[in-house]
Structure formats: C-alpha cells, structure tokens
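Visitor: Below you'll find the structure I mean.
The values are calculated or read from the model by the stated rules, or taken from the named source; none is laboratory data. Remember, it's a predicted structure, so these values are computed and weren't measured experimentally. Note that each Cβ is placed from the backbone with ideal geometry, even for glycine, and that neighbours are counted across all protein chains shown.
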Amino acid sequence: MVKQTKELKKNLMYQLIQVLSPTGRRYFRFFQLILCSAGILMCNPFDFSYVQNETRLRKSFRQHQTYCMQNAPKDKLLVYDIKDGWEPLCRFLGKDVPDKPFPHENAGGVIMNRWMKVHPALIRMQREFAVCLATLVALGAFGIYKLHSSRIVKIGLFTFRFMERFKRV
C-alpha cells in the first residue's frame, strides 16, 4: 500500500480528478473518511490532507488475516505467499500449472495507473475532469477577452502611462 500511495501522489491525473471531477471529489472524500474513521489514515480537517498510519494498517491486516484463518474451513483455506508462484495455487484448485510465468502486475505499486485506463468509475471521473477543465479554460479566455476589450482596462493603462510621465520629469 505504501508503494501504491507513492505512485498515486506522482500521478497528476489522479490528483486533478480529485479536484475537478464532481464524482471524484465525492468518491475520494468518502474513501478518505472511511479510512480516517478506521484509523488507517490520520486526517487533518483544516487542509484535507492525510498521512498514512502504516502501523494501524498493518495491525488491521493482521487482525483480518487471523480472523480468516480461525473462521474459514480448513479445506477451503489456502495460506499463500505470492512468491511461491503457480504450484501451490494450482494444487489447491486442482488445476494444471500453466506454461506462462506468474504475473506480477502490481510490481512497484502501478496497478492504479492501469485502473485509470480501464475502470469505469475512474474513466467517468476523467471525462468529468476534461469537461470541467474545458469549461474553466473557456471562461478564463472569455474573461481575458472581456478585460482587454473593456474601457476600464484602457483607462487604467492610460492612467498608468500618464503617471509614468510625471515620474520622468
């Protein structure tokens, strides 16, 4: 989770959809509140920043793992280390070991970068971001056009130039 968090902080699109997408703002705020209430994130309510509480995260994971090991039927429980590859997994499922190498899709925490391209909710947030950004650019361009074409700016420039003449003398 630490690698994923670092990768997400580097992803500019992920950061921007939290601000400029209505769905993104609601989703990320909701997700943040859940993690804060669970104690996994330590939240700062004044600037909406958060710090990952890695100790609490590890404790929650171990508690869940212990709960599963105690309550799952032993014949339906596989305690599996991803480093072991295909063999224990295929033996447990009663399947043949495939010829392909074992996939390592989240090496370096880049799974969210892939999800940004394929997950329907994240695609929707990106579309909303594009619409909001286009609207902001259009409004900004219109505002600049109106400022440059108004008399107030021309009078302001005239006043500025008029004042410069007095400074030179």
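Visitor: When you look at residue 70, is it in a helix (DSSP H, G or I) and loosely packed, with under 10 Cβ neighbours inside 10 Å, yes or no?
Guide: yes
Visitor: Moving to a separate point now. Where in the range 1-65 are there helices (runs of 4 or more DSSP H), lying fully within it, with 2 or more residues that are modelled with pLDDT under 80?
Guide: Ranges flagged: 2-10, 22-37.
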